[in-house]
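Contents: one structure, followed by commentary.
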Amino acid sequence: MTSWLSRLRNISLLPAILSTTAGAVDVIGFLALGGLFTAHITGNVVIVAAHYVTGGFSQIGPLLAVPVFMVVMGLVTLASSAIARAGFYPLRPLLLLQTALLAGFLLLGVGFGRFPDADSSMAVLAGMLGVAAMATQNVLGKLALKGAPSTAVMTTNITQLTVDLATLARRHGTADELANARRRARMTFPCIVGFIGGCAAGAALEVKFGFSALALPVVLSALAVPLAQVEE
């Protein structure tokens with residue numbers, strides 16, 4: 001068991017799984033809720049601007065997403081600190097919370113079906129559960145997966161991977177700098193691939209199954225919980 005956990009630690013499965021989860025949730029929310037981004041929060045600013053110019057996108061969800069995201073991150077940060085003060089590592093509790101929020105997103109979506117009006121109260125509530133889940137994932141990445149790449153913001157990861165690959169290609173730097181670049185590249189690349197794979201799978205499933213496609217990120221988030229033991 002020890003050697004199995006060590007191998008899992010070396011390939012950093014948890015960040016890759018969380019990135020796949022974020023990609024799937026983001027694209028499913030975008031397709032099912034009139035252009036709402038649940039993970040790529042700054043994208044909602046673009047959607048709001050596009051709505052006023054062209055129409056066709058939801059309005060309330062993207063407007064609420066940023067403040068809801070910030071409030072949930074603040075609350076989760078406080079909860080994480082309380083868990084740590086109680087003598088427990090916060091990673092698994094936060095993963096359980098994320099899974100519960102995603103399950104709520106799934107249940108509301110399946111229960112009410114495709115929303116003809118993405119600005120209806122139930123559609124907005126469902127979307128905010130997705131936003132809250134991704135806010136939780138962003139906080140746990142910062143507080144409980146220190147040293148790991150982002151699992152929801154791929155612009156930062158692609159930039160870091162490009163810099164590290166260029167550093168390794170020119171072999172310019174100290175041995176420690178090259179080793180750090182190699183380590184970061186090994187961790188960042190699976191996250192980028194996972195996010196892209198999550199987007200592709202989530203889009204294909206949403207087109208065919210609607211909100212039931214959220215079963216994929218719910219299962220992935222649940223599978224991440226036992227992997228928390230590796231990181232701890």
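The values are calculated or read from the model by the stated rules, or taken from the named source; none is laboratory data. Quick caveat, the model's predicted, so the values are computed rather than measured. So basically every Cβ, Gly included, is an ideal-geometry build from the backbone, and we count neighbours across all protein chains shown. Please note that ligands, DNA and RNA were not included when accessible areas were found on the heavy atoms of the full protein model with its side chains. Shrake-Rupley method; radii C 1.70, N 1.55, O 1.52, S 1.80 Å.
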- Query: For residues in the stretch 109-166 being within 30 Å of Arg183 (Cα to Cα) and charged (D, E, K, R), which is surrounded by the most Cβ atoms within 10 Å (Cβ to Cβ)?
  - Reply: Asp164
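When you go through Ala181, Ala215, Ala169 one by one, which is the residue that is at pLDDT below 95 and either surrounded by fewer than 18 Cβ atoms within 10 Å (Cβ to Cβ) or not small (Gly, Ala, Ser) (or both)? Let's see the steps before the verdict.
Details: Ala181 fails: either surrounded by fewer than 18 Cβ atoms within 10 Å (Cβ to Cβ) or not small (Gly, Ala, Ser) (or both); Ala215 fails: at pLDDT below 95.
Selected residue: Ala169, the only one of Ala181, Ala215, Ala169 that is at pLDDT below 95 and either surrounded by fewer than 18 Cβ atoms within 10 Å (Cβ to Cβ) or not small (Gly, Ala, Ser) (or both).
Out of all the residues in the stretch 35-53, which are part of a helix (DSSP H, G or I), among the small types (Gly, Ala, Ser) and over 18 Å from Phe195 (Cβ atoms)?
First, pick out the residues of the stretch 35-53 that are part of a helix (DSSP H, G or I): 43-53.
Then keep just the ones that are among the small types (Gly, Ala, Ser); that gives 43, 49-50.
Selection gives Ala49, Ala50.
Only one of these is surrounded by fewer than 19 Cβ atoms within 10 Å (Cβ to Cβ), aliphatic (A, V, I, L, M), in contact (Cβ under 8 Å) with a residue 40 or more places away in the chain and assigned to a helix (DSSP H, G or I): Ala203, Ala228. Name it.
On the way: Ala228 fails: surrounded by fewer than 19 Cβ atoms within 10 Å (Cβ to Cβ).
Answer to the selection: Ala203.
Restricting to the stretch 192-230, give me the number of residues that are more than 19 Å from Thr99 (Cβ to Cβ) and under 16 Å from the mean Cα position of the chain (by Cα). I'd like the intermediate steps shown before the answer.
Step one: of the stretch 192-230, the residues more than 19 Å from Thr99 (Cβ to Cβ) are 192-193, 196-197, 199-200, 203-204, 206-210.
Checking which are under 16 Å from the mean Cα position of the chain (by Cα) leaves us with 192-193, 196-197, 199-200, 203.
Residues flagged as more than 19 Å from Thr99 (Cβ to Cβ) and under 16 Å from the mean Cα position of the chain (by Cα) within the stretch 192-230 amount to 7.
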- Task: Test each condition in (1) within 23 Å of Met122 (Cβ to Cβ); (2) under 17 Å from the mean Cα position of the chain (by Cα); (3) open to solvent by 60 Å² or more (accessible area, probe 1.4 Å) for Leu63 and report the one that comes out false.
- Result: (2)
- Out of all the residues in the stretch 169-223, which are closer than 17 Å to Met134 by Cα and acidic (Asp, Glu)? none
